Structures are given as structure tokens and as C-alpha cells.
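**Q** Below is the structure I would like to discuss, written out as C-alpha cells.
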């Protein structure tokens with residue numbers, strides 16, 4: 001474990017997990033490695049600038065995040081292109097990055113991985129000037145994320161409670177025009193996804209052949225709602241019906257919509273959009289993995 005100054009960044013309201021236990025065990029592990037422990041707690045006010053300020057002098061040589069995908073995204077934006085390994089302790093409502101990297105549920109194992117020397121050079125997506133590590137989409141899933149954020153019940157149960165109201169109120173399907181460096185096409189879909197990895201935080205394998213460090217991303221065109229195909233994704237079956245989802249591969253793309261559509265990045269609702277610009281940022285983050 002090659003570090004001397006470790007910064008733990010904690011989102012106190014992410015998920016439904018007690019962060020005091022995480023902080024205590026993490027601090028003990030860092031101290032036992034003869035390194036110095038530093039703590040930053042997010043507040044929702046200028047967190048990005050405050051984190052960048054903590055990193056500016058170059059003393060911190062390992063950063064670990066305890067939070068959900070949105071918090072990890074925030075920190076990744078601050079450390080991108082720095083020569084710092086970023087570790088994650090999944091503590092959100094839906095921990096998509098942890099699911100994709102097979103990070104175990106045991107806290108002690110999570111801490112050991114986050115402080116270890118095994119890492120991947122991870123691609124990022126730049127979407128309308130927002131970075132995306134994992135999954136972004138336009139359509140019904142982004143509407144679900146919005147409704148979840150406005151509810152008072154956290155965790156996967158909170159998502160489940162919002163699923164039916166979202167389906168009832170949504171005005172799907174949506175009309176999209178897609179331009180990549182190679183293709184142009186028009187699509188009517190319930191969801192248009194932009195994937196740097198394979199799975200959503202639920203474990204649904206929507207992009208079976210995706211890789212997080214191959215210099216390309218996938219555009220997922222979900223043409224209709226299908227219970228049988230959704231169950232296939234949850235079982236991690238590699239072959240999905242092309243009548244259900246069509247997959248395009250690209251290094252850049254422009255998406256336009258006839259009317260504003262709900263938009264989310266890494267589990268954070270960002271509003272309604274009629275145009276999306278996407279490009280791949282090749283191998284910008286060193287992320288600790290098992």
C-alpha cells in the first residue's frame with residue numbers, strides 16, 4: 001500500500017448506511033498502515049471546489065469515497081488526470097460502479113480494495129460537459145431517478161415504490177435522432193442509454209459486451225418495455241432480443257429530441273434536455289478494483 005496521506009470523502013446522506021462505522025474502520029486501517037488520515041464530509045454546497053482545494057497542494061496521495069455513484073462522480077471529476085488512485089466504498093442507494101467491479105459487500109474487504117494497489121485506467125464519458133463513469137440515460141429511467149430524489153424513502157425499496165407511479169405518469173415513448181461519427185438514425189424508444197460499463201446498480205446487465213477501458217461507449221436504444229427481456233438482463237444473459245434493445249458503439253455522438261426528455265448521469269437527475277453531446281475521454285481515472 002503505497003500512500004502516506006489518505007483523504008476519505010463521505011456523503012452522510014447517501015443510501016441508508018451508517019457512515020460512522022465506515023469512518024471508524026477506515027481510519028483504523030489507515031493508521032495501521034502508518035499513514036495520515038484526513039476526512040471530508042460533503043454538504044451539497046460547493047463540494048467540488050472544496051475537494052479540489054484539498055487536493056491542490058499535492059500532499060494527498062490516495063482518495064477514497066464512501067457514497068453512491070453520484071458522490072463518486074463528483075470526486076472523480078476533481079481527481080481526473082491526477083496521478084492518484086481513487087478507491088470506493090459503496091454506500092449509496094444503487095451502487096452501479098461497485099456492482100460492475102464485483103466489489104464485495106463486506107466492509108473490511110471494501111476498505112482493503114480501496115487502499116490496495118490493483119487499479120484500472122478507467123475511461124470517462126463527457127456528456128454536455130458532465131462526466132459519467134458508469135451509466136447515463138434519457139427517458140423513463142431518468143424520470144424514475146427524478147421521482148426517487150423527490151421522495152423521502154431511500155434505498156432500493158425507495159426506487160421500487162416509485163416504479164409504478166413513474167410508468168403511469170410517463171409520456172413514453174420518445175423520439176430521438178442519433179448521430180455518431182459513422183451513422184445517423186432516428187429511433188422511437190422508452191429509454192436511450194449511454195453506457196461505459198455493463199450493468200445498472202440493480203445488477204441488470206443491459207450492455208453485455210461493454211468494457212470500461214476500451215476507448216468507446218455504447219448507445220442503448222430500448223425500443224419497448226418487455227418483462228421477459230428485463231428478466232433476462234437481471235439474470236445477466238448476454239443475448240438480448242434486438243427487437244427490445246439495439247446497441248450502437250461510438251467514440252462520440254450527438255442526440256437530439258423533439259421535446260425535452262428527462263436526463264440522468266450516474267444516478268443523479270440533471271433536468272430535461274433536447275440535445276446531448278457525448279465523447280469518450282480515454283483512460284482518465286485510476287480506480288481501485290479487486
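**Q** Would you confirm whether any residue within region 43-54 is more than 29 Å from residue 125 (Cα to Cα) and in contact (Cβ under 8 Å) with a residue 40 or more places away in the chain? Walk me through how you get there before you give the answer.
**A** Quick first cut of region 43-54, residues more than 29 Å from residue 125 (Cα to Cα) only: none.
Looking for residues that are more than 29 Å from residue 125 (Cα to Cα) and in contact (Cβ under 8 Å) with a residue 40 or more places away in the chain, one finds none in region 43-54, hence no.
**Q** How about region 247-288: which of its residues are outside any strand (DSSP E or B) and at pLDDT 95 or above?
**A** Initial filter on region 247-288 (outside any strand (DSSP E or B)): 251, 266-267.
Scanning region 247-288 gives a single hit, 251.
**Q** Can you confirm whether region 130-140 contains a residue that is crowded, with 21+ Cβ neighbours inside 10 Å, at positive phi and modelled with pLDDT of 80 or more?
**A** Yes, some residue in region 130-140 is crowded, with 21+ Cβ neighbours inside 10 Å, at positive phi and modelled with pLDDT of 80 or more.
The values are calculated or read from the model by the stated rules, or taken from the named source; none is laboratory data. Remember, predicted model here, so these are calculated numbers, not experimental data. Quick reminder, even Gly has a Cβ in these numbers, built from the backbone with ideal geometry, and neighbours come from all protein chains shown.
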